[in-house]
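One structure is given here, and the rest of the page talks about it.
FYI, it's all coordinate maths here, none of it is from the lab. Quick caveat: nothing in here was measured; it's all calculated off a predicted structure. Heads up, the Cβs are rebuilt from the backbone with ideal geometry, glycines too, and the neighbour counts pull from every protein chain shown.
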Amino acid sequence: LGDTNNSTQVSLGFFTFDTWTESEDMFGSDDECFLFALDYESNDVKVFPSRLRGNVAKKGTKKYMYCNPSSGAARSGKTDGSCHGVGFGGTPSRPRLHITESLEECRALSYDALFEDGDLMLGKGSESLNYFDVNEIEVWAVGGDFDEQLAAQAKQKEIELATLEHARQVDKRQLLEHIENGFAWKSHNKPGLFGHRDSR
C-alpha cells in the first residue's frame, strides 16, 4: 500500500478463518483474526490482534469484517452512511482499515473497539492523515482437506501429461497410408500427392 503524498510504502494485511460474503453489516466472528503491518525498511511485522482473543466468556460476540460494494447498496436502496468497499474492524461507517472500491483514498486508523491500538501505517502516513492508495493486493486462501486437494491436483496433472504424450506419438505407418491414399493434399477429385503412381 502506498502513501498518497509520498513514495513511502508499507504492507497492510488481515488474517481470518471466516469466509467472505457481501454484506451491509459487519460479519465474521473469529476472535483469532488479526490485522498486521510490514515495514519495508526493517522487515519488522507488527500484529494487531483482536481485543477478545483468549476471552472465552465473550468468544464469538464481535464482528470483524465488512464487504459492501456500491452495487449491493444500489440494489437495496440503503443509504445510511456505510462505506463502500472492504473494511476490517471499526464500524461500517468508520472501519479501522478501509479499502475503497477504486483502491484510492483508502484509510488506516490507529484505534477502534475491536483490535488492539496501534498505527497501521507505522508512522509513515501522518502527512496524509493515514490516507493511502493501494499499489498491489494479494489474496491467499486455504482450507478443506489438503490431502484430497493434492490428490485431485496430482490426478489432473497425470491426465494432462498422458494426453500430451499420446498426442506426441504418431503412427507412422498409418500416416503414410493416409498420404498414399490421397487423404493429404487432395481436393475436388484431383489425385493426391502420390496420384502420379497410379497413372503409370
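Structural remarks
- Peptide packing: for 87-99, 22-34, the average count of neighbouring Cβ atoms within 10 Å per residue gives the ranking 87-99, 22-34, highest mean first.
- FRET efficiency, Arg94 to Ser70 (Cβ-Cβ, R0 25 Å, nearest 0.05): 0.90
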